[in-house]
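Accompanying notes for the structure given below.
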Amino acid sequence: GSGRKRVLVLCTGGTLTMAPNPEKGGALSPVPGALTDFMKSMLELTNDKMPDVVVHEYTPLLDSSDMGPPDWSLLANDIKANYLYFDGFVILMGTDTMAYTATALSFMLENLGKPIVFTGSQVPIAEPHSDARQNLIMALIFASRDVPIC
């Protein structure tokens with residue numbers, strides 16, 4: 001192995017995943033695969049200090065205001081199913097209900113020994129003035145740390 005930590009990114013949607021959608025006349029909307037494609041161009045992710053990253057994009061990508069208990073259960077089950085294979089987890093989602101999702105998962109996944117970091121953005125990742133790139137990088141760094149975070 002490379003000795004690098006492994007982080008699973010679970011992407012549910014939200015502003016971070018939006019890009020100009022040709023099917024909608026170029027209007028911004030969650031575009032399946034756009035995040036994964038953008039991440040291929042992120043040189044930061046090739047740095048030896050960064051973890052190896054596996055991205056799972058859910059279908060369909062959701063606005064966080066459309067998420068509820070069934071979606072929270074899916075996230076919890078996917079973390080449980082992948083717990084032994086990854087050192088940490090990042091959940092990318094819309095910010096409107098992020099606190100509700102994080103709270104629900106904190107009860108569904110008690111006593112974990114690995115970090116789960118939630119992040120999103122106010123501006124889509126493909127935009128040059130976006131907060132998404134830095135939010136994603138920092139989430140990956142914190143998800144791969146040995147030191148406990150809260």
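Structural remarks
- Condition broken by T46, with the remaining ones in (1) farther than 19 Å from Q122 by Cα; (2) at pLDDT below 90 satisfied: (2)
- Residues within the range 106-142 that are part of a helix (DSSP H, G or I), more than 21 Å from D37 (Cα to Cα) and open to solvent by less than 80 Å² (accessible area, probe 1.4 Å), tallied: 3
- Qualifying positions in the range 89-111 - farther than 23 Å from T15 by Cα and either among the basic types (K, R) or in contact (Cβ under 8 Å) with a residue 12 or more places away in the chain (or both): M108, L109
- A single entry from N77, N135, N82 fulfils the requirement of being in contact with a Phe, Trp or Tyr (Cβ under 8 Å, 6 or more places away or on another chain) and at pLDDT 95 or above: N82.
- Scanning the range 84-102 for residues that are closer than 18 Å to D63 by Cα and not in a loop (DSSP other than H, G, I, E, B) returns V90, I91, L92, M98, A99, Y100, T101, A102.
- For the range 1-44, filtering for residues that are open to solvent by less than 80 Å² (accessible area, probe 1.4 Å), within 18 Å of I91 (Cβ to Cβ) and of a type outside the set (D, E, K, R) leaves 18.
- Qualifying residue in the range 21-32 (condition: part of a loop (DSSP other than H, G, I, E, B) and under 20 Å from R6 (Cβ atoms)): no
- All positions within the range 94-105 that are open to solvent by 50 Å² or more (accessible area, probe 1.4 Å) and either in contact with an Asp or Glu (Cβ under 6 Å, 6 or more places away or on another chain) or among the hydroxyl-bearing types (S, T, Y) (or both): T95, Y100, T103
- Flag if S73 is in contact with a Gly (Cβ under 9 Å, 6 or more places away or on another chain), among the polar types (S, T, N, Q) and without any contact (Cβ under 8 Å) to a residue 60 or more places away in the chain: no
The values are calculated or read from the model by the stated rules, or taken from the named source; none is laboratory data. Keep in mind that what you see is a predicted model, and the values were worked out from it rather than measured. Note: ideal-geometry Cβ built from the backbone for every residue, glycine included; neighbour counts use all protein chains shown. Keep in mind that these areas ignore ligands, DNA and RNA; they rest on the heavy atoms of the full protein, side chains included. Shrake-Rupley method; radii C 1.70, N 1.55, O 1.52, S 1.80 Å.
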